[in-house]
Amino acid sequence: MSFVKLGTVQYVECPSRIDLDWYKSQGYVSIFLAGGIRGCEDWQAEVTDMLVQMYQGKKLIILNPRRAAYDYNSKGVAEEQITWEHDMLHKADTIFFWFPATSSCPIALFEFGFWLAKDPLKVAWSCQKGYPRAIDVDIQTNLIAKRYGLPWGLSSDEDNRAYVLAHYGYDIADNMESIHDEQLIQVLKLTVDNTFLVCQQQAGPDVGA
């Protein structure tokens, strides 16, 4: 599937496009599923299923860069893929990075670094246990947070945890066994919930309703 309405949740898979500006004007909030694609399980499908179940009844758009079929030998397909990701990353309200243990994810790391520097307010992330560059992600995120005076990580205080994710988008969890880890599910939910909150603060209470 490429563009599918799953109840109130909209699912967009590369290379399909929708008018995100129009949907945003209608109160929709979007999340881009960034992270590993090649050399790892289809975690995007699992996260999509979770989000559809958690946010049925809410105006959510899921942007998935992993397409059903990809020709790695086609320059045209590569250009289309890269352009789509570039455009959707810029338009998404929040970007959730998942770094799986089976790949170093060099392109995802490049995108992660770019967005940490450009707009850390829209970034949330987690690493699966065994991800080979987890310490790099941890340290780079900490340095960005310190440089700009941003809170880093999750507090044990639930209200503060929500505040940090709402305004700064950080998660330092690097010991997740799988995409189904309960802590990761909580982080994902907090990320989306607080994206709705931030967008409501910016555009009004009808966002997501």
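The values are calculated or read from the model by the stated rules, or taken from the named source; none is laboratory data. This is a predicted model, so every value here is computed, not measured. For neighbour counting, all protein chains shown are included, and Cβ atoms are generated from backbone atoms with ideal geometry for every residue, glycine included.
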Selected residue (criterion: modelled with the highest pLDDT) from residues of region 104-158 that are in contact with a Lys or Arg (Cβ under 7 Å, 6 or more places away or on another chain) and of a type in the set (Ser, Thr, Tyr): Ser104
Please list, ordered by first then second residue, the pairs with beta carbon atoms under 8 Å, 6 or more apart or interchain, first in region 108-120 and over 12 Å from Ile95 (Cα atoms), second among the β-branched types (Val, Ile, Thr) and surrounded by fewer than 21 Cβ atoms within 10 Å (Cβ to Cβ). Ala117/Ile144
Which pairs have Cβ atoms under 8 Å, sit 6 or more apart or on different chains, and link a residue in region 85-100 that is farther than 17 Å from Phe3 by Cα to one that is among the aromatic types (Phe, Trp, Tyr) and assigned to a loop (DSSP other than H, G, I, E, B)? Phe99/Tyr131; Pro100/Tyr131
